[in-house]
């Protein structure tokens, strides 16, 4: 069996495709029509038109909690629409500016994640035209393809879930089509067919020696009559279970969420037996202070023994929320210990996730939410806002995450040359591809309007963004640094010194305060004591 960790064929494909991206970008720039699709919506961060979806970032706390990972896409997923943009893995910094995004326009990226134990990024990618031979792809910190991970045993890999377990093994869902005789059963008044095509969700686990060490088929343990008819029955394709999340529980066993069963199952990692079921028709627990969940996503087990869920609430009230429970397997009770309901409340019928950070903050992606509802909310444990992301109408993300990264991005620095009622902005030389927030593809642009500008340059399989360049006054943009723009972070590297009026100082005076601007874009106020 070929190694699942060091396959290189995908890297060759990405390297070849990257060389023609400049032409694809030009085509997208002509197809996009901002004056129509953006009408009536507020977007406050730079995004290259037709390449990335515009968005609004609302910031309530400037503390550096990490980078936001997401992969927004048009909900209708139809490339015939003029404003269609294929899903791209995207990273935002703490202030909501795009640091990096995947560029290959012939692939769709979903479920973009960072794995701190391996310092690798992963994403499910889908080829165009749509193929069943899709994979999870692994990228290093420079976004070079390291390996791919396909499904085995003639199954089809599924985009809903991918996790690395504590032992380093990879676990995910795959699907298998099985024909079953369900003619003895009715589903919402519809007689079952003797040749029903049933979609089975299969858990597959591989170790680092590229061996299949665990496989669990839901059809071997859960009969299709456990499905809720609200999710539909179709003899030609009955997705009765619809697995959407996997998690390792504190004891090493597995938690699996099945949306169309309104249930979470705990599965013995050794014997494959179902240990218990929370929710659904065969629920084994009493919800002591809650009415339960339905259509749920992103079940996660935590080291304190609790579980967290994004409750879409498809059949239980139609008010979506994030919730955590403690499970008592002796008394068979589930007790709600935390809950967040957005205000005003709303209903999101599918997708989404609920991430709890080490600081006990909560990143909530609402999946199928639409404006004016937020796409993503980041809140503290008391429900106070840290940040919110609102994508363009009809643009959603399957999941989003926030992660601290153990490395720094080598972001390009924009330099500035002032003119008469205009400013020339320059990106560093030496890159193959340039893409400005204005849509320009050169390494230099001239602007006459105030605003915030960014440039992205080729980096791995995508584009690396500069620090934003703010222009508040077109005539002084190149001669001053605005103190209110200085990041509150300790910088590193070479620097230049400016006085408080923004003038460059070659011979600083001892016992004076200056602005130190570093090569990586950071700046800070600092007391000069005579030492260089």
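The values are calculated or read from the model by the stated rules, or taken from the named source; none is laboratory data. As the structure is a computational prediction, the values presented were derived from the model and not from experiment. With ideal geometry, Cβ positions are generated from the backbone for all residues, glycine too; neighbour counts draw on all protein chains shown.
Assorted remarks:
- Leading residue by the ranking (surrounded by the most Cβ atoms within 10 Å (Cβ to Cβ)) among those in region 105-133 that are assigned to a loop (DSSP other than H, G, I, E, B) and at pLDDT below 80: 105
- Against the list (1) outside the structural domain of residue 109 (by TED's automatic domain parsing); (2) out of contact with any helix residue (DSSP H, G or I) (no Cβ under 8 Å at 6 or more places or on another chain); (3) surrounded by fewer than 18 Cβ atoms within 10 Å (Cβ to Cβ), the condition residue 467 fails is (3).
- Within region 116-127, residues that are under 14 Å from residue 69 (Cβ atoms) have Cβ atoms under 7 Å from residues that are modelled with pLDDT under 95 and surrounded by fewer than 17 Cβ atoms within 10 Å (Cβ to Cβ) in no pair, counting only partners at least 6 apart in sequence or on another chain.
- Being under 26 Å from residue 137 (Cα atoms), surrounded by fewer than 17 Cβ atoms within 10 Å (Cβ to Cβ) and at pLDDT 95 or above holds for only one residue in 168, 252, 237, 243, and it is 252.
- Meets criteria (modelled with pLDDT of 95 or more, in the same structural domain as residue 93 (by TED's automatic domain parsing) and either under 17 Å from residue 90 (Cα atoms) or over 16 Å from the mean Cα position of the chain (by Cα) (or both)) for residue 341: no
- Verdict on residue 441 being part of a loop (DSSP other than H, G, I, E, B), outside the structural domain of residue 95 (by TED's automatic domain parsing), at pLDDT 95 or above and over 19 Å from the mean Cα position of the chain (by Cα): yes
- If you filter region 402-422 down to residues that are part of a loop (DSSP other than H, G, I, E, B) and more than 30 Å from residue 359 (Cβ to Cβ), you find that the one that is modelled with the lowest pLDDT is 419.
- The sole residue among 238, 201 that is closer than 21 Å to residue 283 by Cβ and in the same structural domain as residue 165 (by TED's automatic domain parsing) is 201.
- Listed by first and then second residue, the pairs linking a residue in region 328-343 that is closer than 21 Å to residue 366 by Cα to a residue that is part of a loop (DSSP other than H, G, I, E, B), with Cβ atoms under 6 Å apart and 6 or more places separating them unless they lie on different chains, are 336/289; 336/290; 340/383.
- Residue list for region 256-277, filter: more than 16 Å from residue 214 (Cα to Cα) and under 27 Å from the mean Cα position of the chain (by Cα): 257, 258, 259, 260, 261, 262, 263, 264, 265
- Total residues in region 180-234, condition under 34 Å from the mean Cα position of the chain (by Cα) and in a loop (DSSP other than H, G, I, E, B): 13
Listed here are the residues, each with its yes/no results for (1) in contact with a helix residue (DSSP H, G or I) (Cβ under 6 Å, 6 or more places away or on another chain); (2) crowded, with 22+ Cβ neighbours inside 10 Å; (3) within 17 Å of residue 51 (Cβ to Cβ).
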{"residue": "420", "(1), (2), (3)": "no, no, no"}
{"residue": "426", "(1), (2), (3)": "no, no, no"}
{"residue": "429", "(1), (2), (3)": "no, no, no"}
{"residue": "440", "(1), (2), (3)": "no, no, yes"}
{"residue": "446", "(1), (2), (3)": "no, no, no"}
{"residue": "459", "(1), (2), (3)": "no, yes, yes"}
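- Filtered residues of region 235-246 (kept if out of contact with any helix residue (DSSP H, G or I) (no Cβ under 8 Å at 6 or more places or on another chain) and assigned to a strand (DSSP E or B)): 245, 246
- Region 453-504 holds strands (runs of 3 or more DSSP E) entirely within its bounds, and those carrying 2 or more residues that are modelled with pLDDT of 90 or more and more than 11 Å from residue 517 (Cα to Cα) map to 455-459, 462-465, 469-471.
- Among residues of region 81-101 that are at positive phi, none has a beta-carbon under 8 Å from a residue that is modelled with pLDDT under 85 and part of a loop (DSSP other than H, G, I, E, B) at least six positions away or on a different chain.
- A residue that is buried (at least 24 other Cβ atoms within 10 Å of the Cβ), at pLDDT 95 or above, touching a strand residue (DSSP E or B) at 6+ places or on another chain (Cβ under 6 Å) and in the same structural domain as residue 171 (by TED's automatic domain parsing) occurs somewhere in region 283-294.
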